[in-house]
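Below you'll find the structure, written out as structure tokens, and then a few comments.
The values are calculated or read from the model by the stated rules, or taken from the named source; none is laboratory data. Note that the coordinates shown come from a computational prediction; the quantities given were computed from them, not determined experimentally. So basically every Cβ, Gly included, is an ideal-geometry build from the backbone, and we count neighbours across all protein chains shown.
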Amino acid sequence: MAVIQDITGLRQIEANLAASEERLRYALEGTNDALWDWNLETGVIFFSPRYLSMLGYERKDHYATFERWLETVHPEDREKVRRAFDEARQSGLPYRIECRILTKDQDWCWMLNRGRLIAGEERRPSRIIRTLSDISEQKRANEQIRNLSNQIIHSQEEERRRISRELHDEAGQALTALRIYLDIIKKGLSEGNEKLRKELDEAIALSNQTLERIRSLAQGLRPAALETLGLSSALKGYCTEFAKKTHLAIEYEGESMESVPYEVGITLYRFLQEGLTNVAKHAQADRVWVRLGYDGHRITLSIIDNGKGMVEKTVGRSGGIGLIGIEERLHYLGGELQITSAPGEGVRLIAMIPWEGRHDPNHDR
Ligand SMILES: Nc1ncnc2c1ncn2[C@@H]1O[C@H](COP(=O)(O)OP(=O)(O)OP(=O)(O)O)[C@@H](O)[C@H]1O
Ligand SMILES: [Mg+2]
């Protein structure tokens, strides 16, 4: 009697197992994601059929060990993938990583890997299970958006350069000629004509001021320092010039950043121009702190003033377009604008742009 009961129990377990395998098979077939199950004790990896079909392989041409599989990962991504696995094994935490994998047609397929460690007996890590999603389309779309955004920024800047050139060459030179004529007239003026001489002096002073204004406008439209000196020095130089013009005390602190893409640099420069102009126009502040930082993933530029603060923190409500334009530009680059303020406690503006580039902390310009 006891034997018969055991067999019934076993049958039940087998039936449950078959049912759950069936469910797993349906689940795997019904999803676009692939499954990858790595037994850390035996070293054997199970790839679901979807994994193979995503990449165009057949089961017979696919590798069943981690090292062989790693050979199909793009050389630039291998180290990152290996590190993610090692960290997952040590920490037991889920991981998420993007990498390129070679298809049978010798193309690269972008895959999002999400996985976690499964502990076996005595809590020893025994398996890593992960799902893989093909994100090549999404990557291509992101790339197109990025290219388009860069084009928008470049064409805006090209237009500003053109205006800057025209201001400098046309208006600037015409005004210089006018000033020379005024000088000639003044010299030719007969003695005793004091009233006219005074008026001429005023006209000369006005043309000098206007010339200076045009020169500074032309420079602001085309920040040559960004190309010649690099981001941090250009920002610092702008702060120094601005402080002289407005009598604001501006403290600048910035990490040097090598090879920041032009779109990123010019966007941060425009942010600084708008932020400082706003402080001068609206804040009634006497001190400003500007800081450029980088944490390996994103560049941040903050502008903090000690003025009266801002009531409306939603960009665009006041009718001004300065901060809206900056926010749009930051969005083009996948970045964002943060505004924090309280009445009487000044304004803190932070622009953030993701960037995975290099930076050299010893090289501070
Ligand atoms: N540092 C600041 N302190 C106090 N208020 C500010 C500050 N910066 C911005 N503001 C407020 O936010 C509003 C929006 O700024 P924004 O730069 O978008 O527009 P604007 O400066 O008024 O006009 P525009 O930039 O188009 O010439 C301003 O009108 C002002 O009321
Ligand atoms: Mg403004």
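Can you tell which of Arg68, Arg50, Arg83 is part of a helix (DSSP H, G or I), without any contact (Cβ under 8 Å) to a residue 24 or more places away in the chain and surrounded by 14 or more Cβ atoms within 10 Å (Cβ to Cβ)? Testing whether each residue is part of a helix (DSSP H, G or I), without any contact (Cβ under 8 Å) to a residue 24 or more places away in the chain and surrounded by 14 or more Cβ atoms within 10 Å (Cβ to Cβ) leaves just Arg50. Out of all the residues in the range 5-48, which are farther than 30 Å from Glu122 by Cα and modelled with pLDDT of 85 or more? Within the range 5-48, just Asp33 meets the criteria.
Return only the number of the condition from (1) within 16 Å of ligand 2 (Cβ to nearest atom); (2) charged (D, E, K, R); (3) surrounded by fewer than 18 Cβ atoms within 10 Å (Cβ to Cβ) that Arg291 does not satisfy. Among (1) within 16 Å of ligand 2 (Cβ to nearest atom); (2) charged (D, E, K, R); (3) surrounded by fewer than 18 Cβ atoms within 10 Å (Cβ to Cβ), Arg291 violates only (1).
Which members of the range 130-158 meet the condition of being closer than 21 Å to Lys80 by Cβ and either in contact with a Ser or Thr (Cβ under 6 Å, 6 or more places away or on another chain) or part of a helix (DSSP H, G or I) (or both)?
Passing the criteria: Ser136, Gln138, Lys139, Arg140, Asn142, Glu143, Arg146.
Being in the same structural domain as Glu328 (by TED's automatic domain parsing), polar (S, T, N, Q) and buried (at least 19 other Cβ atoms within 10 Å of the Cβ) is a property that holds for Ser232. Could you list, ordered by first residue, the pairs with Cβ atoms under 9 Å in which the first is in the range 321-350 and in contact (Cβ under 8 Å) with a residue 24 or more places away in the chain and in a strand (DSSP E or B) and the second is of a type in the set (Lys, Arg) and more than 8 Å from ligand 1 (Cβ to nearest atom), at least 6 apart or interchain? That search, which allows pairs on different chains as well, returns Ile339/Lys313; Ile339/Arg348; Thr340/Lys313; Thr340/Arg348; Ser341/Lys313; Ser341/Arg348; Val347/Lys313. Taking the criterion of being more than 14 Å from ligand 2 (Cβ to nearest atom) and either crowded, with 20+ Cβ neighbours inside 10 Å or modelled with pLDDT of 90 or more (or both), the residues of the range 304-327 that qualify are Ile304, Asn306, Lys308, Gly309. If you check Tyr238, Tyr252, which single one turns out to be of a type in the set (Phe, Trp, Tyr), within 16 Å of ligand 2 (Cβ to nearest atom) and surrounded by 15 or more Cβ atoms within 10 Å (Cβ to Cβ)? Matching residue, one of Tyr238, Tyr252: Tyr238.
Enumerate the helices (runs of 4 or more DSSP H) found wholly within the range 205-316, keeping only those where 1 or more residues are of a type in the set (D, E, K, R), under 21 Å from Ile353 (Cα atoms) and within 16 Å of ligand 1 (Cβ to nearest atom).
Those helices (runs of 4 or more DSSP H) span 262-278.
Taken together, Ala243, Ala280 contain a single residue that is within 15 Å of ligand 2 (Cβ to nearest atom) and more than 22 Å from the chain's Cα centre (by Cα), which is Ala280.
Whenever a residue of the range 270-285 is closer than 20 Å to Ala234 by Cα, its partners that are in a helix (DSSP H, G or I) and within 9 Å of ligand 1 (Cβ to nearest atom), lying with C-beta atoms within less than 7 angstrom and at least six residues away or across chains, give the pairs Arg270/Ile326; Phe271/Ile326; Glu274/Gly322; Glu274/Leu323; Glu274/Ile326; Asn278/Gly322. Do the conditions hold for Gln90, that is, is it in a helix (DSSP H, G or I) and either surrounded by fewer than 12 Cβ atoms within 10 Å (Cβ to Cβ) or touching a residue at least 60 places away in the same chain (Cβ under 8 Å) (or both)? Yes: the conditions hold for Gln90. Restricting attention to the range 93-129 and to residues that are in a strand (DSSP E or B) and among the charged types (D, E, K, R), the residue that is farthest from the chain's Cα centre (by Cα) turns out to be Arg127.
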